[in-house]
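Student: Let me begin by handing over the structure; questions about it come next.
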Amino acid sequence: MSKKKRTEVVAGEVIEKPESQIRVMWETLKKNKAALAGLIVILFLVFLAIFGDLLAPYDPEYSDMAHTFVKPCAQYWFGTDQLGRDIFSRVLSGTKISLMVGLCAVAFSLIIGTILGSIAGYFGGRVDGFIMRCMDIMLSIPSILLAITLMAALGKGLDKAIIAIGTVSIPEYARIVRSSILSVKENDYVAAAKVIGNSDGRIIFRHILPNVISSIVVRATLGISTAILDTAALGFLGMGVQPPMAEWGDMLGRARTYIFSAPYTLIFPGLAITLAVLAFNLFGDGLRDALDPKERV
Amino acid sequence: MSEDKREVLLEVKNLKKYFTVETSFFGKPTSILKAVDDVSFKIYKGEAFGLVGESGCGKSTIGKMLVDLYKPTSGEIIYNGVDISKLRPQERRKYCKDIQLIFQDPYASLNPRMTIGDIIAEPIRINHLLPENQIEDRVTYLLNCVGLANHQRNRYPHEFSGGQRQRVGIARALAVQPKLIVCDEPVSALDVSIQAQVLNLLDDLKDQFGLTYLFIAHGLNVVKHISDRVGVMYLGKLMEVAGKHEIYDNPLNPYTQALLSAIPSTDITKKKERIILTGDVPTPINPPKGCRFSSRCFKKCAGCDDILPELKNIGNDHQVACHLYDENPQ
């Protein structure tokens, strides 16, 4: 490596600074144009989620019955829907909900899945058998069906949607974490951690998980796109957020009757979903390459 | 040096470790691998006890039992008068400060996500040996002891060579100020030129820190350099234990004789008779009934196939498990 090492001075001695993992990752990611494009779109979506309400030309929930089904024009960029609401404003406003549900659901399933997978993989034996059989049972039910069942049991609402969508993907994370832990825990450095007196919890969190984090992060990034799709699916079925709140899937669901007479009521929320999912997928793929040490130069 | 004056630091009594290879449908073991089968020895304070034997003879398993990576099937591990093998996990953990392990593979034994400074500081931190503000200095001191430069402390293990990594492993073991260090083939993964350096380092540290070593190796030549006494293992059994010079000059067990004859010599004037053993090592799942070495022994006599020889003292601090020799406690 010809790069100059950064140094710091401690107690009069020059000590090399650790090479930042994130910087190495960034260097690799920068070379992947598709992933970079994905990242830019994600940042753009995040920007819209935060400032969307300020940018929206109309109140997304205001219904102007005098202007229903207006085709896209200078005044209403994306047209208006069956209740005369500005679709552009609603798509902007929906960004916030889709991203929030996506991130929260993934965080929810990631945390629970990681804990369950770590316990199963590290301790093995009966604990492993019990946890993984439960996960298998969850996996045997089609995920959207399970989410709908959970929504039916929990009731409607954004927070319930997050829990339902999050719960559905717990088994996936548990499995990934478990298998990664199984491959890492046989390493001598885990034995070494035990020999110097680490507790089991510390071994898992300090010695094993940091070494499997890359596969989890990649899966989580890709998982956000799945969660956004699931949110849209629940919304489409009328089980997600409550009207008149704007949500992409819900917009699709309510406008599907007008697919031939007013296709623009579906095209724009549909494009938004596609764009968000594509962005997270591209970025996730790039992240996987960037975190794989074999891909590094 | 008479035996009575030496202080026993660690004694292993009738230690056994069986692994279950296969179980029946109901979880009853049907096939058992006897990795360590009834081994007893003593390690005196301040000495380096070498344990040699070929792959799979159970020497590393003994080392791992001493540091609590494996639980013994039966037998006792008596450290400073306390049987540590029967302690509850909480109590047992207190002894990890006293007995440390140096691993065979320096590439696998260091966490790739931690800087070497953190790796060495961790045992001090989790055992609360020093206040936080003194750890930095201690790590600097340990790095110097093992011949690494302080400015490298923020580097990751992959930036080091095998020999340097092994030095980090040694520093980590030293960090808790142990009394006994189990060296599990610490040089076998290194280049020959580096082997000598690391062996010399271990030798120096032994005097500097007043350490006792259990030195596990698969060749007698490495052990010769560092050990005071040597135990030879074969198929989970201890075949011979003696002082270094005694075992090299007067090997009694035929297996030891065969092992010694395999060491290449640089002395061309000395013509050596190379003993070539026939056959393979029997599987430890189904070892020979009598003496474990009977299937390959070139001095086999009538009872060897059926009667298991006990390890007996034949004088001059020399123990051997072989029917050819009689007990002679002097």
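The values are calculated or read from the model by the stated rules, or taken from the named source; none is laboratory data. On a predicted model such as this, the values are computed, not experimentally measured, just so you know. Positions of Cβ are backbone-derived with ideal geometry, glycine not excepted, and every protein chain shown enters the neighbour counts. When the accessible area is computed, the model is the full protein with side chains, heavy atoms only, and any ligands, DNA or RNA have been set aside. Shrake-Rupley method; radii C 1.70, N 1.55, O 1.52, S 1.80 Å.
Student: Mind checking whether some residue in region B:173-191 is in a helix (DSSP H, G or I), touching a strand residue (DSSP E or B) at 6+ places or on another chain (Cβ under 9 Å) and of a type in the set (Lys, Arg)? Before you say what the answer is, go through the steps one by one.
Tutor: To start, the set of residues in region B:173-191 that are in a helix (DSSP H, G or I) comprises B:173-174.
From what is left, the residues that are touching a strand residue (DSSP E or B) at 6+ places or on another chain (Cβ under 9 Å) are B:173-174.
After this cut, where a residue has to be of a type in the set (Lys, Arg) as well, the list is none.
Scanning region B:173-191 turns up no residue that is in a helix (DSSP H, G or I), touching a strand residue (DSSP E or B) at 6+ places or on another chain (Cβ under 9 Å) and of a type in the set (Lys, Arg).
Quick grid of which residues meet (1) within 14 Å of chain B (Cβ to nearest Cβ); (2) closer than 25 Å to A:Leu110 by Cβ; (3) among the small types (Gly, Ala, Ser):
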residue	(1), (2), (3)
A:Gly238	no, no, yes
A:Val241	no, yes, no
A:Met245	no, no, no
A:Leu252	no, no, no
A:Arg256	no, no, no
A:Thr265	no, no, no
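Student: Still on this structure: Taking region B:47-66, which residues are open to solvent by 10 Å² or more (accessible area, probe 1.4 Å) and within 14 Å of chain A (Cβ to nearest Cβ)?
Tutor: Listed by number, the residues that qualify are B:Ser60, B:Thr61, B:Lys64.
Student: Inspect all residues belonging to region B:193-207 and state whether any of them is of a type outside the set (Val, Ile, Thr), crowded, with 18+ Cβ neighbours inside 10 Å and under 25 Å from B:Leu277 (Cα atoms).
Tutor: no
Student: Taking into account only those residues within region A:62-102 that are aliphatic (A, V, I, L, M) and open to solvent by less than 70 Å² (accessible area, probe 1.4 Å), which is farthest from A:Lys156 (Cα to Cα)?
Tutor: Step one: filter region A:62-102 for residues aliphatic (A, V, I, L, M), giving A:65-66, A:70, A:74, A:83, A:87, A:91-92, A:97, A:99-101.
After this cut, where a residue has to be open to solvent by less than 70 Å² (accessible area, probe 1.4 Å) as well, the list is A:70, A:83, A:87, A:91-92, A:97, A:99, A:101.
On the way: A:Val70: 31, A:Leu83: 22, A:Ile87: 24, A:Val91: 21, A:Leu92: 23, A:Ile97: 15, A:Leu99: 18, A:Val101: 14 Å.
Looking at residues that are aliphatic (A, V, I, L, M) and open to solvent by less than 70 Å² (accessible area, probe 1.4 Å), I get A:Val70.
Student: I would also like to ask the following. Any chance you could count how many residues in region A:274-286 are at pLDDT below 90 and surrounded by fewer than 24 Cβ atoms within 10 Å (Cβ to Cβ)?
Tutor: First, the residues of region A:274-286 that are at pLDDT below 90: A:284-286.
Narrowing the set further to residues that are surrounded by fewer than 24 Cβ atoms within 10 Å (Cβ to Cβ) leaves A:284-285.
Count: 2.
Student: OK, next. Let me confirm something: among A:Leu271, A:Leu252, which residue is part of a helix (DSSP H, G or I), at pLDDT 85 or above and surrounded by 18 or more Cβ atoms within 10 Å (Cβ to Cβ)? Reasoning before the result, please.
Tutor: Working: A:Leu271 fails: surrounded by 18 or more Cβ atoms within 10 Å (Cβ to Cβ).
The unique qualifying residue is A:Leu252.
Student: Hey, another quick one. Show the residue pairs that are 6+ apart or on different chains and have beta-carbon atoms under 6 Å apart, the first residue being within region B:67-96 and within 14 Å of chain A (Cβ to nearest Cβ) and touching a residue at least 40 places away in the same chain (Cβ under 8 Å), the second being in a loop (DSSP other than H, G, I, E, B) and open to solvent by less than 50 Å² (accessible area, probe 1.4 Å).
Tutor: Hits for this filter: B:Cys96/A:Gly197.
Student: Continuing with this model, one more query. So how many residues does region B:301-330 have that are open to solvent by 70 Å² or more (accessible area, probe 1.4 Å) and either of a type in the set (Gly, Ala, Ser) or at pLDDT 85 or above (or both)? Lay out the reasoning, then the answer.
Tutor: Going through region B:301-330, the residues open to solvent by 70 Å² or more (accessible area, probe 1.4 Å) turn out to be B:302, B:306-307, B:310, B:316, B:324, B:326-330.
So of that shortlist, the ones also either of a type in the set (Gly, Ala, Ser) or at pLDDT 85 or above (or both) come out as B:302, B:306-307, B:310, B:324.
Selection size over region B:301-330: 5.
Student: Quick test of your reading of the structure: B:Gly169 fulfils all but one of (1) buried (at least 22 other Cβ atoms within 10 Å of the Cβ); (2) small (Gly, Ala, Ser); (3) out of contact with any Pro (no Cβ under 6 Å at 6 or more places or on another chain). Name the failing condition by number.
Tutor: (3) is the only condition that B:Gly169 fails.
Student: Tell me, yes or no, whether region B:276-297 has at least one residue that is polar (S, T, N, Q) and assigned to a helix (DSSP H, G or I).
Tutor: Just the residues of region B:276-297 that are polar (S, T, N, Q), to begin with: B:278, B:283, B:286, B:294-295.
Now drop any that are not assigned to a helix (DSSP H, G or I), which leaves none.
Within region B:276-297, not a single residue is polar (S, T, N, Q) and assigned to a helix (DSSP H, G or I).
Student: Does at least one position in region B:155-171 carry a residue that is in the same structural domain as B:Val52 (by TED's automatic domain parsing), part of a helix (DSSP H, G or I) and under 30 Å from B:Gly56 (Cα atoms)? Step through it out loud before you land on a result.
Tutor: From region B:155-171, those in the same structural domain as B:Val52 (by TED's automatic domain parsing) are none; that's our starting set.
No - not one qualifying residue is present in region B:155-171.
Student: Let me ask something additional. Output the number of residues of region B:27-48 satisfying the condition of being in contact (Cβ under 8 Å) with a residue 60 or more places away in the chain and in a loop (DSSP other than H, G, I, E, B).
Tutor: Looking only at region B:27-48, we keep the residues that are in contact (Cβ under 8 Å) with a residue 60 or more places away in the chain, and these are B:31-41, B:43-48.
Imposing the further condition that a residue be in a loop (DSSP other than H, G, I, E, B) reduces the set to B:45-47.
Of the residues in that region, 3 qualify.
Student: Quick check on B:Gln319: is it under 30 Å from B:Lys206 (Cβ atoms), in contact (Cβ under 8 Å) with a residue 24 or more places away in the chain and out of contact with any Ser or Thr (no Cβ under 7 Å at 6 or more places or on another chain)? I'd like the intermediate steps shown before the answer.
Tutor: Numbers: under 30 Å from B:Lys206 (Cβ atoms): yes; in contact (Cβ under 8 Å) with a residue 24 or more places away in the chain: yes; out of contact with any Ser or Thr (no Cβ under 7 Å at 6 or more places or on another chain): yes.
Considered against the rule, which asks whether it is under 30 Å from B:Lys206 (Cβ atoms), in contact (Cβ under 8 Å) with a residue 24 or more places away in the chain and out of contact with any Ser or Thr (no Cβ under 7 Å at 6 or more places or on another chain), B:Gln319 comes out as yes.
Student: Determine whether region B:268-288 contains at least one residue that is surrounded by 12 or more Cβ atoms within 10 Å (Cβ to Cβ) and either aromatic (Phe, Trp, Tyr) or outside the structural domain of B:Glu246 (by TED's automatic domain parsing) (or both).
Tutor: no
Student: OK, next. Quick check on region B:19-26. Is at least one of its residues away from every other protein chain (no Cβ under 14 Å), within 18 Å of B:Ile285 (Cα to Cα), among the small types (Gly, Ala, Ser) and in a strand (DSSP E or B)? Talk me through it step by step, then tell me what you get.
Tutor: Taking region B:19-26 and keeping what is away from every other protein chain (no Cβ under 14 Å), we get B:19, B:21-22, B:24-26.
Next, from what is left, pick out any that are within 18 Å of B:Ile285 (Cα to Cα): B:19, B:21-22, B:24.
Checking the rest, the ones that are also among the small types (Gly, Ala, Ser) come to B:24.
Restricting the remaining residues to those that are in a strand (DSSP E or B) gives none.
No.
Student: Let me ask another. Look at region A:132-152 and say how many of its residues are open to solvent by less than 20 Å² (accessible area, probe 1.4 Å) and more than 25 Å from A:Ala232 (Cα to Cα). First the steps, then the outcome.
Tutor: Just the residues of region A:132-152 that are open to solvent by less than 20 Å² (accessible area, probe 1.4 Å), to begin with: A:132, A:135, A:147, A:151.
Imposing the further condition that a residue be more than 25 Å from A:Ala232 (Cα to Cα) reduces the set to A:132.
So the count comes out to 1.
Student: Every residue in region B:257-267 that is closer than 29 Å to B:Phe19 by Cα and either in contact (Cβ under 8 Å) with a residue 60 or more places away in the chain or open to solvent by 70 Å² or more (accessible area, probe 1.4 Å) (or both), please. Outline the logic, then answer.
Tutor: Filtering region B:257-267 down to residues closer than 29 Å to B:Phe19 by Cα leaves B:258-259.
If the condition is that a residue be closer than 29 Å to B:Phe19 by Cα and either in contact (Cβ under 8 Å) with a residue 60 or more places away in the chain or open to solvent by 70 Å² or more (accessible area, probe 1.4 Å) (or both), then B:Leu259 is the only one that fits.
Student: Those residues that are open to solvent by less than 30 Å² (accessible area, probe 1.4 Å), farther than 24 Å from B:Ala175 by Cβ and outside any helix (DSSP H, G or I), I need them from region A:153-210; list them, please.
Tutor: Selection gives A:Gly155, A:Gly157, A:Ser169.
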